[in-house]
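Heads up: the structure comes next, in structure tokens.
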Amino acid sequence: MSQPRFDGKVAWITGGAGGFGAGVARRLAAHGATVVVSDIDSDNGELVAKETGGEFVPCDVTSYDDNLAAVQHVVDGHGRLDIAFLNAGVTTGVGVGDDFDLALYRKAMSVNLDGVVFGMHAAIKAMSGRGGQIVATASLAGLTGTPFDPIYGTNKHGVVGLVRSAGPAHTGDGIFINAICPGFADTNIVSPQARAALSSIGVPLLDVEDVVDAFISAVTSGEAGQCWYIQPGRPHEAFRFRNVPGPRDDSGGSVSDRAGDVQSTLTERRAH
């Protein structure tokens, strides 16, 4: 199966020093894109940038100013931004009971949710008037409950909600926003203890290249507001959410046919 080309495109990747970010950087560069890698891990980020013939720009995604500065650096240096992969993420392993840890909570929410919001805002500003593709790394934890790490599940649900809501709001400007939702993958974010537990019940880890394939599908799909689930042994595809039950009028009749009109009206009013 032939891979799409990205000749002349400029891509900015957060969390690009390893894992999914590095995999996407390699794939995009191999198919013609200019890659700008960002991370707080400067050593490995520099290595990925050098390997892909790209550039490394430090960025702490929890900083609003860092995100704006990184994107401005991309635009100043390359004249454009076509693809943004908002991929930086951490796990916590804490709950909201006796094991709650305020510092870990703040860190996880800042990296996994604030980092996507700030990066998306910066990318949209750069893409305004010319269009582009934004993909955020969410998780299967954003599509289902995760009792083993409820804080992680919370911020990943936030990313899914952000993408589903912001995606349709920006297609009129040619900006397409989507998310990828991988299961457990062979990256450093899965601890040795988690690997052992998964192995004991026969759950395989995703290969990074499977996730990269899903990323490519997302940026070439022509869709927006979609969340692509990725599981071993299954084809990756956009998760189809059920619609919520619609309201009824005073007589008990359904008014669900008007839901699309309500969404369009509210979106139009927000834009003005």
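If the condition is being farther than 14 Å from P150 by Cα and not in a helix (DSSP H, G or I), then the stretch 88-114 contributes A88, G89. Looking only at residues of the stretch 75-87 that are crowded, with 16+ Cβ neighbours inside 10 Å and part of a loop (DSSP other than H, G, I, E, B), we find that the one that is nearest to the chain's Cα centre (by Cα) is N87.
Test D66 against the criterion of being in contact with an Asp or Glu (Cβ under 8 Å, 6 or more places away or on another chain) and in a loop (DSSP other than H, G, I, E, B), and give yes or no. The answer is no for D66. Filtering the stretch 118-145 to residues that are within 22 Å of A238 (Cα to Cα), among the aliphatic types (A, V, I, L, M) and more than 10 Å from the chain's Cα centre (by Cα) leaves L140, A141, L143. Does G183 count as out of contact with any Phe, Trp or Tyr (no Cβ under 6 Å at 6 or more places or on another chain) and at pLDDT below 90? Here the answer is yes, as G183 does meet what is asked. When the residues of the stretch 88-107 are filtered to those that are at pLDDT 95 or above and under 18 Å from the mean Cα position of the chain (by Cα), the one that is farthest from G225 (Cα to Cα) is K107. Every condition in (1) within 30 Å of R27 (Cβ to Cβ); (2) at pLDDT 65 or above; (3) outside any strand (DSSP E or B) holds for Y229 except the one numbered (3).
The values are calculated or read from the model by the stated rules, or taken from the named source; none is laboratory data. Bear in mind that the values here come from a model prediction, so they are computed numbers and not experimental data. As a convention, Cβ positions derive from the backbone with ideal geometry for all residues, glycine included, and neighbour counts pool all protein chains shown.
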